[in-house]
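The block underneath contains the structure these notes are about, expressed in structure tokens.
The values are calculated or read from the model by the stated rules, or taken from the named source; none is laboratory data. Because the structure is predicted, anything quoted here is derived from the model rather than measured. Cβ atoms come from the backbone with ideal geometry, glycine included; neighbour counts cover every protein chain shown. Surface areas here come from the heavy atoms of the whole protein model, side chains and all, with no ligands, DNA or RNA. Shrake-Rupley method; radii C 1.70, N 1.55, O 1.52, S 1.80 Å.
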Amino acid sequence: MKKRIFSNLAAMGIALFFTFAVNPAPLDSSVAVAADPSAQGIKIESEYTIPDDMGWCTYYVLIATNNTGKDVTVSADFTSFDKGGKALNKVNDYAEAVKKGQQFILYGQFVNSKNPGMASCKYALTVKETENCTYSSVNLDAAKKGTCLEVSATNYSEKDIQGVGVRTVFLKNGKAVAFDTVNIADSGYTFHGGSTNSQAMGVTAGDYDEYIMTYTSAGNLMAGNF
């Protein structure tokens, strides 16, 4: 069983636009092509189109690396299109605090009934610098338990932080077969200082031999801790 765990990251400074065809296998695009040359800090490692196991939705998942040297927040707008180029549906994903120099996962969750004939996806990333990243306060580990993963997180700081957002792509022979996301916290989105908690991931992932896991951690601004 191979595993890769990274902290979640994104790009900074401007909005970036990309378009890729929808394909159940990873697309061959290792470097993001952006209209603005100042966006060279974003490297797209891979993209996956992953149907859920119940036929209810389709995930469009991005894995990228932030080489900008900044801690950032990122908002991602994903828009689906049919073969004729007609826009079908728009969804949003958001990461509040991500660490410089790390990888991240962003995804669009498209409900199939709202996206008939979905053939491509366009996404825009809007990012800005932040001082609310608490990645260094958190440790994350994962172990396979039966057919799923038990993911454990510890808040080593004395302060409360927001829950740790964990995202995982499950692969079989290099092909994405499932996607899952959980929030690890004590209550709601509050993760107390010194606390350890765990969640199960990939309960319905089926057969896989590798996974890519990323996570984010942000300070609890509402509590005045950061």
Please work out how much accessible surface Thr58 shows to a 1.4 Å probe, ignoring ligands, DNA and RNA, in Å² rounded to 10. 20 Å²
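Enumerate by residue number the GluC sites (Glu not before Pro) in segment 106-169 meeting two conditions: DSSP loop (anything except H, G, I, E, B), and at most 11 other Cβ atoms within 10 Å of the site's Cβ. Kindly include the intermediate steps, with their values, before the conclusion.
Numbers: sites: Glu129, Glu131, Glu150, Glu158; in loops: Glu131, Glu158.
Hits after loop and neighbour filter: Glu131, Glu158.
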Spin-label point model (7 Å from Cα, Cβ direction): what's the Asn139 to Asp53 distance in nm? 3.1 nm
Over segment 169-217, what is the mean sequence separation of C-alpha contacts under 8 Å (at least six apart), divided by residue count, expressed as relative contact order in percent? 48 percent
Estimated inter-spin distance, Glu129 and Glu150, nm [label 7 Å along Cα→Cβ]: 4.3 nm
Just by accessible area at a 1.4 angstrom probe, what is the order of Met54, Met213 from largest to smallest? Met54, Met213
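Can you give me the relative contact order of segment 85-222 as a percent, contacts being Cα pairs under 8 Å and 6 or more apart?
Working: 262 pairs, mean separation 37.7, N = 138.
Relative CO of segment 85-222 lands at 27 percent.
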How many nm separate the modelled label positions at Lys175 and Thr190, each set 7 Å beyond the Cα in the direction of the Cβ? 4.6 nm
Rounded to the nearest 10 Å², what accessible area does Tyr107 have for a 1.4 Å probe in the complete protein model? 40 Å²
